[in-house]
1. Taking the criterion of being in a strand (DSSP E or B) and under 24 Å from residue 30 (Cα atoms), would at least one residue in the stretch 174-186 satisfy it?
2. Name the single residue that is nearest to the chain's Cα centre (by Cα) among those in the stretch 93-117 being crowded, with 19+ Cβ neighbours inside 10 Å and part of a loop (DSSP other than H, G, I, E, B).
3. Residues being touching a helix residue (DSSP H, G or I) at 6+ places or on another chain (Cβ under 8 Å), buried (at least 21 other Cβ atoms within 10 Å of the Cβ) and in a strand (DSSP E or B): count how many of those fall in the stretch 68-92.
4. Among the candidates 139, 131, 123, 158, which residue alone is touching a residue at least 24 places away in the same chain (Cβ under 8 Å), under 24 Å from residue 56 (Cα atoms) and within 16 Å of the chain's Cα centre (by Cα)?
5. Consider residue 59 carefully, then state whether it is over 15 Å from the mean Cα position of the chain (by Cα), surrounded by fewer than 18 Cβ atoms within 10 Å (Cβ to Cβ) and farther than 24 Å from residue 19 by Cβ.
6. Looking at this structure, is residue 39 within 15 Å of residue 198 (Cβ to Cβ), surrounded by 16 or more Cβ atoms within 10 Å (Cβ to Cβ), in contact with a helix residue (DSSP H, G or I) (Cβ under 9 Å, 6 or more places away or on another chain) and touching a residue at least 24 places away in the same chain (Cβ under 8 Å)?
7. Please go through the stretch 203-218 and pick out each residue that is in contact with a helix residue (DSSP H, G or I) (Cβ under 7 Å, 6 or more places away or on another chain) and not in a strand (DSSP E or B).
């Protein structure tokens, strides 16, 4: 079984034009992923300001998943429940909400803004594919991958916003990719797909470092010269190859 995946490295501006997005991404993908905090407009002072737009944002994601005829990993939105705010990734399959995941591991600044932590990891089955979710800073904690591995996903999507670092070298970026994404793919024996945003978020410049990893290596990565560009990163992933890898790992441990 093969699945076609598209990561939309989108400008972080809160603007969603279904016609433009459909033209940019196209149809024919089993899964499409958006970046973290993709609904926050440029003029926003705090991500909490967007919680009041939750229903509207979910409706937008529903329309997009129908227009693209896909299972849409909806980046993340801010959700308010019982007086608490959460950073939440929703999955919609051709208009229908499949499930959601609340970010467990927050950046200190994010928590300082009033975002609360989620308390569990989730895996959802869509068309025979087991889909796990992490959001941005979750990958900094190996326990995130270990917990998800217990739920037996085939692929983990990671909506992300990566801050721009003026002194960042290619070597440092590659090391982070290996330490957080390739290592995570090995830990959970899954494909890992990180979808980044470009532009700026709450006044901070971003860099788009979207990638797709397998346990045996980085399969695709946005070139360093394109880290400031809105683009679509695609791949066709072979689930049988992944399962063969898992079987070989079991044999090696016997």
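1. Taking the stretch 174-186 and keeping what is in a strand (DSSP E or B), we get none.
Looking through the stretch 174-186, none of the residues is in a strand (DSSP E or B) and under 24 Å from residue 30 (Cα atoms).
2. 103
3. Number satisfying all stated conditions: 7.
4. Numbers: 139 fails: under 24 Å from residue 56 (Cα atoms); 131 fails: under 24 Å from residue 56 (Cα atoms); 123 fails: under 24 Å from residue 56 (Cα atoms).
After applying the criteria, what remains is 158.
5. Details: over 15 Å from the mean Cα position of the chain (by Cα): yes; surrounded by fewer than 18 Cβ atoms within 10 Å (Cβ to Cβ): yes; farther than 24 Å from residue 19 by Cβ: no.
It is false that residue 59 is over 15 Å from the mean Cα position of the chain (by Cα), surrounded by fewer than 18 Cβ atoms within 10 Å (Cβ to Cβ) and farther than 24 Å from residue 19 by Cβ.
6. no
7. 209, 215, 216
Quick note: the coordinates plus some simple rules give every number you see, no bench work behind them. Small disclaimer: the values here were computed from a predicted structure and weren't measured. Note: ideal-geometry Cβ built from the backbone for every residue, glycine included; neighbour counts use all protein chains shown.
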